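The structure appears below as structure tokens.
Read-outs throughout are calculated quantities, based only on the coordinates presented, and are distinct from any laboratory measurement. These numbers were taken from a predicted model, which means no experiment stands behind them. Here the Cβ positions follow ideal geometry from the backbone for every residue, glycine too, while neighbour counts run over all protein chains shown.
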Amino acid sequence: MAIQVIKEKCVGCKLCLKACPFDAIDMEGKLAVINEKCTACNQCIAVCKFDAIVKTAEEVTEKIDLAAYKDVWVYAEQRDGKLMGVALELIGEGRRLAREISDSTKVYAVLVGDGIGHLAQECFEFGADGAILIEDGLLKNYTTDGHTKALYDVIKAKKPDVVLFGATHIGRDLAPRVAARLSTGLTADCTRLDIRLSSYIDYAKKNTTLDVTGLDPNSDDRGLKQTRPAFGGNLMATIICPRTRPQMATVRPGVMSKRERVPGATGETVVVKPQIADSDIRTKIIDIVKSVKEIVSLTDADIICSGGRGLGDPSGFDLIREFAKKVGGVVGSSRAAVDAGWIDHSHQVGQTGTTVKPKIYFACGISGAIQHLAGMQTSEIIVAINTDASAPIFEVADYGIVGDLYKVIPQIINEWDNAEALFEASVKKGIA
Ligand SMILES: Cc1cc2nc3c(=O)[nH]c(=O)nc-3n(C[C@H](O)[C@H](O)[C@H](O)COP(=O)(O)OP(=O)(O)OC[C@H]3O[C@@H](n4cnc5c(N)ncnc54)[C@H](O)[C@@H]3O)c2cc1C
């Protein structure tokens with residue numbers, strides 16, 4: 001979608017200029033001209049009294065040379081000079097995609113900030129062939145305007161084929177802005193990415209909501225197939241971007257796996273000096289105040305004990321907390337428990353919460369709605385405790401316990417104590 005001014009109708013009244021919140025309209029004589037800052041927000045269309053501004057689906061009148069675009073880029077999000085876990089996950093995934101596109105396709109980590117050059121080495125060790133380093137004092141703290149301009153300029157100049165972002169607060173803010181400025185597509189919250197049709201078809205055949213009719217597994221199509229839940233998570237949709245470049249997607253933290261780290265791996269660093277001025281950034285950061293609320297690191301946890309509506313009331317989480325403490329895990333929850341006000345949203349697992357992949361996931365009093373499964377079904381081992389033997393959670397569980405969680409969990413805690421005592425005794429005897 002793009003905004004276009006119909007020359008014949010524009011009278012040069014400048015109403016659109018005043019209405020535009022993004023400074024995206026210039027006057028060329030008596031004609032309003034949309035510039036690259038446009039986000040297609042429609043404000044100008046609403047105020048134009050002459051029907052001279054329209055939104056067009058076919059803004060790409062010049063045919064894009066798809067072959068001119070090469071390589072896979074990952075926005076390597078960092079905060080305070082530390083890479084976000086999702087950046088490393090995406091570097092691994094980006095490398096896999098790059099190699100599927102062609103042997104010569106590379107994956108680059110794009111680092112934007114100030115004084116962050118040292119992060120390139122970590123990116124190489126997690127699979128990046130190269131790093132694009134964009135540093136400037138004005139980019140030290142994230143601002144939508146600053147990082148959008150820096151990324152837009154470098155993408156426009158270097159033409160990557162694919163650009164991936166983590167679906168973090170920053171990634172969700174930045175990726176759509178960059179995509180709109182580039183007039184390309186963006187698929188948010190992808191749970192799977194494919195290049196080769198053959199591997200996509202294998203995957204899609206296992207999913208009843210994806211139709212593979214007419215797809216040729218031998219096709220040499222190397223476009224990005226971006227799969228994500230749609231319609232409230234009730235079906236999966238695969239989205240392609242056939243006419244514009246780059247192909248852009250966000251992926252939530254925890255969905256993809258990091259590659260094994262290769263200490264000492266090397267790569268090429270491309271330094272880009274951004275053309276950025278103070279006046280490009282409308283937001284001024286005066287102070288950064290970090291929230292002091294409990295930080296739940298569900299994404300990195302090896303063991304998660306989650307409670308749902310089956311707990312009956314908020315005090316049920318006392319048992320879940322005790323359980324988590326005993327087994328060295330962290331507390332998760334279903335959305336029903338969050339919506340009931342029993343626990344903070346930061347604990348929520350699922351489509352609109354956090355996506356997790358622990359070694360063990362305990363689902364206690366959780367029915368297994370598709371939106372919950374979307375966030376935890378790739379856990380290595382799933383243990384479900386539910387009074388209803390026909391609850392859908394048992395379809396994904398590796399171990400299912402049909403019973404009242406208030407009886408089952410204390411028994412597990414008890415057995416855990418016994419196992420610990422046995423272990424300690426055997427250590428003393430020199431057996432363990
Ligand atoms: C757009 C959208 C996004 C959503 N996103 C999410 C999301 O991110 N995460 C999420 O979790 N949900 C999400 N949901 C909500 C989801 O559809 C379900 O409503 C929710 O997951 C149900 O939570 P629950 O399993 O705790 O509750 P219920 O479905 O009510 O299940 C409670 C379970 O507890 C069992 N039970 C009852 N008593 C006991 C007991 N004493 N011992 C053991 N078992 C017992 C019952 O048999 C039942 O199976 C979303 C919904 C929509 C529409």
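List of remarks:
- The sum of -39500 (n - 2.57) across all DSSP H runs of n ≥ 4, divided by the residue count of the chain, sets its helix-only mean residue ellipticity at 222 nm to -8000 deg cm²/dmol.
- Of the trypsin sites (Lys or Arg not before Pro) found in the stretch 28-102, those that fall in a DSSP loop while having at most 13 other beta-carbon atoms within 10 Å are 30, 49, 63.
- With 0.36 nm allotted per residue and the present C-alpha distance subtracted, the residue 277-residue 49 stretch has 78.6 nm of extension available.
- Cross-link reach is defined here as a Cα-Cα straight distance under 20 Å, omitting same-chain residues fewer than 8 places apart; for residue 205 the lysines meeting it are 225.
- Within straight-line cross-link reach of residue 428, lysines at Cα separation under 24 Å, skipping those fewer than 8 residues along the same chain: 326
- In the chain, taking the dipole from charged Cβ atoms about the Cα centre, the farthest positive-side position among 169, 110, 285 is held by 285.
- Angle of helix 85-101 to the longest C-alpha principal axis of the chain, folded into 0 to 90 degrees and rounded to 10: 70°.
- Euclidean distance between Cα centres, the stretch 102-179 to the stretch 1-72, Å: 27
- Cα shape, the stretch 32-152, gyration tensor, a/c 1.5 rule: oblate
- Computed over the chain: relative contact order in percent, which uses C-alpha pairs under 8 Å that are six or more apart: 12
- The long axis of helix 316-327 is offset from the longest Cα principal axis of the chain by roughly 80 degrees.
- For residue 17 and residue 65, the difference between the fully extended length at 0.36 nm per residue and the C-alpha to C-alpha distance is 14.0 nm.
- Intensity falloff of the stretch 222-308 expressed as log10 I(q)/I(0), Debye formula with alpha-carbon point scatterers, at q = 0.11, 0.14, 0.19, 0.21 Å⁻¹: -0.79, -1.22, -1.18, -1.14
- For the stretch 204-241, the list of trypsin sites (Lys or Arg not before Pro) that fall in a loop by DSSP and count at most 11 other C-beta atoms within 10 angstrom reads 206.
- Among the cysteines of the chain, those whose beta-carbon sits 4.7 Å or more from every other cysteine beta-carbon are 10, 13, 20, 38, 41, 48, 123, 190, 241, 305, 364.
- Ascending count of other beta-carbon atoms within 10 Å, so fewest first, for 356, 338, 110: 338, 356, 110
- Diffusion coefficient (Stokes-Einstein, Kirkwood radius over C-alpha pairs, 20 °C, 1.002 mPa s) for the chain: 88 µm²/s, rounded to a whole number.
- Normalised by the number of residues in the stretch 75-123, the average gap of Cα pairs under 8 Å and 6 or more apart makes the relative contact order 41 percent.
- About the centre of its Cα atoms, the chain shows a dipole size close to 800 debye [charges on the beta carbon of Lys, Arg (+1) and Asp, Glu (-1) only; nearest 20 debye].
- Inter-label distance, nm, simple model (7 Å from Cα along the C-beta direction), residue 56/residue 183: 0.8
- Lys/Arg +1, Asp/Glu -1 at C-beta; the chain dipole; positive extreme among 256, 422, 307: 256
- Listed pairs 82/273; 357/407; 106/158; 82/258; 70/258; 18/284 exceeding 19 Å between Cα atoms: 82/273; 357/407; 70/258; 18/284
- Loop-located GluC sites (Glu not before Pro) in the stretch 24-122 whose Cβ has at most 16 other Cβ within 10 Å (DSSP): 36, 58, 59, 62
- Helix 169-182 and the longest principal axis of the C-alpha atoms of the chain enclose an angle of approximately 30°.
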